[in-house]
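Structure, as structure tokens:
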């Protein structure tokens, strides 16, 4: 399993969480105090597309982000039902947070 510390940079401030790649088609994202299972698949240009519904206290929020990991990190723009927001991530080594 591959794990990342992630930050969704929302208008209300950074929302920290984690993402775990469970298999080649599913990612578990813990964000906004909730855990959501999202679809994950490779695009034709080699990125990974993360999409689905983020569970939140305000209800389900649609999200889609194309992620390209380089040197264990990524920075992308997440398209959500609440607008576009930067999404960053750093790979966790041996389950230890990277201070993200």
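Here are the numbers for this structure:
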read-out	value
Residue in the range 41-49 that is closer than 16 Å to residue 17 by Cβ and either in contact (Cβ under 8 Å) with a residue 60 or more places away in the chain or part of a strand (DSSP E or B) (or both) present	no
Top-ranked residue of the range 62-73 - restricted to ones that are free of Cβ contacts under 8 Å to residues at least 24 places away in the same chain and assigned to a strand (DSSP E or B), ranked as surrounded by the fewest Cβ atoms within 10 Å (Cβ to Cβ)	70
Subset of the range 86-100 [modelled with pLDDT of 55 or more and surrounded by 10 or more Cβ atoms within 10 Å (Cβ to Cβ)]	86, 87, 88, 89, 90, 91, 92, 93
Selection count, the range 1-17, where residues are more than 15 Å from residue 86 (Cα to Cα) and not in a loop (DSSP other than H, G, I, E, B)	3
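This table checks each residue for (1) surrounded by 12 or more Cβ atoms within 10 Å (Cβ to Cβ); (2) farther than 19 Å from residue 90 by Cβ; (3) within 11 Å of the chain's Cα centre (by Cα).
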residue: 21; (1), (2), (3): yes, no, yes
residue: 28; (1), (2), (3): yes, no, yes
residue: 34; (1), (2), (3): yes, yes, no
residue: 45; (1), (2), (3): no, yes, no
residue: 51; (1), (2), (3): yes, yes, yes
residue: 56; (1), (2), (3): yes, yes, no
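The values are calculated or read from the model by the stated rules, or taken from the named source; none is laboratory data. All values reported here derive from a predicted model rather than from experimental measurement. Note that we place each Cβ from the backbone using ideal geometry, even for glycine, and neighbour counts take in every protein chain shown.
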